[in-house]
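A.B. asks: Submitted below is the structure of interest, expressed as structure tokens.
Derivation of every value follows stated rules applied to the coordinates shown; laboratory data play no part. None of these values were measured; they are calculated from a predicted model. All Cβ positions, glycine included, derive from the backbone under ideal geometry; neighbour counts span all protein chains shown.
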Amino acid sequence: MSLLGSWLDTTRKKHAAFWGAVFFVILAALVGFNVFIRPHHAEYLYDKYPGFWAVFGLVVAVLMVFVMKILIYPLITGPEDSYDDE
């Protein structure tokens, strides 16, 4: 493993909570900036509300997880013992 790869692996293992907090603060700041920094005009109906795209992205991501877990996963996986028959 390269020097950069080993450093990233060590950092991920030892400082996972720190990096999670850093990224959470960055995301919260971006949503907060959306309140004060506004486009000149809204292109879509709900585009005028602060934080709309952040909430929209979160809702769509959660819906994609549920669709994959409930609808798609049973379609792509077979019975548990399907590879045991020979």
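A.B. asks: Looking at the chain, do any whole DSSP H helices span at least 20 angstrom along their long axis by alpha carbon and average -0.5 or above on Kyte-Doolittle, and which? Don't skip to the answer; put the middle values down first.
C.D. replies: Values: long enough: 16-36 (31 Å, 2.22); 52-67 (22 Å, 2.84).
Long hydrophobic helices here: 16-36, 52-67.
A.B. asks: Name the chymotrypsin sites (Phe, Trp or Tyr not before Pro) in the chain that are in a loop by DSSP and that have at most 12 other C-beta atoms within 10 Å, would you?
C.D. replies: The qualifying sites are Y44, Y83.
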